[in-house]
Amino acid sequence: MKKYNRIFITASALLLASLSLATFLSPDNRFSENENRFLAEKPALSLESVINGHFEKQAEKYLSDHIFCRENFVAVKSITESALGIRDINGTYLCRDGRLVQRITDREFNQEKYENNLRQIKELRQTLKSKGISLTLMPVPTAQYIYRSRLPAHALRFDEDRAFSMARAAVQDSLVDLRPVLEHYAENETRRVFFTTDHHWTGYGAFLAYGQYLGALGYDVSEQAFNPELLSDDFRGTLYSRVLLPRTEPDVIECPSGTDKMKCTVTISGKTYDSLYDRQYLKKKDKYAVYFGGNFDVVDIKNKQASSKEKLLIVKDSFANSFVPHIVKDFSQITMVDPRYCRDNITKLAESFDRVLILYNMAGLAEENLHLNQTLLQ
């Protein structure tokens, strides 16, 4: 028995040593295209960092991010857990229909930040109302809410109905509730309203939201108005990157047909473009970034062919990127502001627009402070 123990210990030590050596010799990549995030940097060794434990923590993160054949290990782990009946892998629920859904529980949903953001939105609405400017709050429900009947048994979720009730109490009739329409078409599933491999909504889901927003403004959009152009049929999003299950079907990315023919000027970081799309991303892993090339502090869009001379300010996260191509024909100017990157005072900026739309994923409203009424230091 002792002989087998020695063999096992020796083999384990050799495996760990081989992995460490292979990791050390491998190229030190700073960015993971598959996970769409920056990887941990190699920690600097010093006596102080060792004593306070900082070096050990950073070394653990670095080795976890850079271990040799990391993606292969992730895939094997997910395949094994899935075969054992585990349906919650790396914060991702494996649904009965093969869909991947981001897990968001009470632990991930920061109630304090959410309530603080609602207070800021309420204050902004009151400020703009006194100046004759309308504000609309349109939170995007999570995929785990829309597809809750397809989640694994006993899957945990935060109380999203309560979160929507709080939003309605804050802005009253200025809330556009997308839950009914997205649930209805998700049940019919003639077209997907959320991607199966990513937390974002699809082009069709964004179109349904567009119809609800125009309806709140007193206009009507028929279902026949959705005439999509296929941008990609091979999109695997961030949720797929968490599990890397090989049998996961890819998603399609669509945009409204004819939007490239409109005479729009798009200004991002001082540079001007004539398209809403950055098609180079269709050849990359993060194909959702085809909309405007990703997220920026401020994006200005002007359309001389718009049906209205009104100006719209959208305070947004990444869900608005696929929404704007639908609505760009309805406003002469649309400015998108992302509070995660914008350092300007958004309240003052809003006063120069005719309408303001806050379009944010419900979970995102509990992740960071919106900073609507202050100027952040550069």
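The values are calculated or read from the model by the stated rules, or taken from the named source; none is laboratory data. Keep in mind it's a predicted model, so treat the numbers as computed, not measured. FYI the Cβ positions are ideal-geometry reconstructions off the backbone, even for glycines, and counts take in every protein chain you see. Note: accessible area is taken over every heavy atom of the protein model, side chains too, but ligands, DNA and RNA are not part of it. Shrake-Rupley method; radii C 1.70, N 1.55, O 1.52, S 1.80 Å.
Figures for the structure shown
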item	result
Residue count, the stretch 205-228 (criterion: of a type outside the set (Phe, Trp, Tyr), in a helix (DSSP H, G or I) and in contact with a Phe, Trp or Tyr (Cβ under 7 Å, 6 or more places away or on another chain))	4
Filter result for ARG242 (open to solvent by 40 Å² or more (accessible area, probe 1.4 Å), under 23 Å from the mean Cα position of the chain (by Cα) and more than 30 Å from GLU115 (Cα to Cα))	no
Test set (1) under 19 Å from the mean Cα position of the chain (by Cα); (2) surrounded by fewer than 16 Cβ atoms within 10 Å (Cβ to Cβ); (3) of a type in the set (Gly, Ala, Ser) - ALA225 fails condition number	(1)
Test: TYR240 is out of contact with any Asp or Glu (no Cβ under 9 Å at 6 or more places or on another chain) and either at positive phi or touching a residue at least 60 places away in the same chain (Cβ under 8 Å) (or both)	no
Residue list for the stretch 134-168, filter: hydrophobic (A, V, I, L, M, F, W, C), farther than 20 Å from PHE194 by Cβ and in contact with a Lys or Arg (Cβ under 9 Å, 6 or more places away or on another chain)	LEU135, LEU137, ALA153
Test: residue in the stretch 189-196 that is surrounded by 20 or more Cβ atoms within 10 Å (Cβ to Cβ), farther than 19 Å from LEU372 by Cβ and of a type in the set (S, T, N, Q)	yes
Enumeration of residues in the stretch 165-182 that are within 19 Å of the chain's Cα centre (by Cα) and either in contact (Cβ under 8 Å) with a residue 40 or more places away in the chain or crowded, with 19+ Cβ neighbours inside 10 Å (or both)	LEU178, LEU182
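Yes/no matrix, rows are residues, columns are (1) at pLDDT 95 or above; (2) out of contact with any Leu (no Cβ under 7 Å at 6 or more places or on another chain):
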| site | (1), (2) |
| --- | --- |
| SER318 | yes, yes |
| ASN321 | yes, yes |
| THR335 | yes, no |
| ARG340 | no, yes |
| VAL356 | yes, no |
| LEU365 | yes, yes |
| THR375 | no, yes |
| GLN378 | no, yes |
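A quick yes/no check of all residues on (1) without any contact (Cβ under 8 Å) to a residue 24 or more places away in the chain; (2) outside any strand (DSSP E or B); (3) exposed (fewer than 15 other Cβ atoms within 10 Å of the Cβ):
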position: LYS302; (1), (2), (3): no, no, no
position: LYS309; (1), (2), (3): yes, yes, yes
position: ASN321; (1), (2), (3): no, yes, no
position: ARG340; (1), (2), (3): no, yes, no
position: PHE353; (1), (2), (3): no, yes, no
